[in-house]
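Trainee: Starting off with a structure, shown below.
Here, each number is a calculation from the coordinates, and none is a lab measurement. Everything numeric here is computed off the predicted structure, so don't read it as measured data. Quick reminder, even Gly has a Cβ in these numbers, built from the backbone with ideal geometry, and neighbours come from all protein chains shown.
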Amino acid sequence: MVAIEPSLFDWRDVEARSDLDRFDLAPDHLPDARLLQYREVMRGAGRDDHPVAEMRNALIAGMVFQHPSVEALVRELGRNPALLQACGFAVLPIQRKPVQIAHS
């Protein structure tokens, strides 16, 4: 009879977590440190509007949250400050249009 070794983890434990918790697991377990370093070097002195690591985290979030497009991910980041912060972006206060008060 063959002995079956126990698994290191159970996928049900992962699936039982919230999407944000599952997202927190992903970036730390991907072996892409060299790729990120390479992207930083290739950027050189170019524009730094969107930091490499944060953009990578956003793309991972798009996969974890199963967004069908980059546009859907951008909309989610715009309305979900917890996800924005989890990706490493600064959470800025929402700039709303000034409200005009009618004087009587």
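Trainee: Once R0 is set to 30 Å, what does the formula 1/(1 + (r/R0)^6) return for the Cβ-Cβ distance between Asp10 and Arg47, expressed as a FRET efficiency to the nearest 0.05? Can you show the working numbers first?
Mentor: On the way: r = 44 Å, r/R0 = 1.47.
Computed FRET efficiency for Asp10 and Arg47: 0.10.
Trainee: Using the Cα gyration tensor of the range 17-58, with a ≥ b ≥ c the square roots of its eigenvalues, what is the shape: rounded (a/c below 1.5), prolate (a/b larger than b/c) or oblate (neither)?
Mentor: Numbers: a/c = 6.45, a/b = 1.97, b/c = 3.28.
Oblate shape, in that a/c is at least 1.5 and b/c is the bigger or equal ratio.
Trainee: Quick one: if you stick a label point 7 Å off each Cα along the C-beta vector at Asp24 and Ala90, how many nm between them?
Mentor: My value for the distance between the label points is 2.5 nm.
Trainee: With a cut-off of 13 Å, note down the residues of the range 33-51 whose backbone N falls inside the zone around a label point 7 Å from the Cα of Met63 toward its beta carbon.
Mentor: 33
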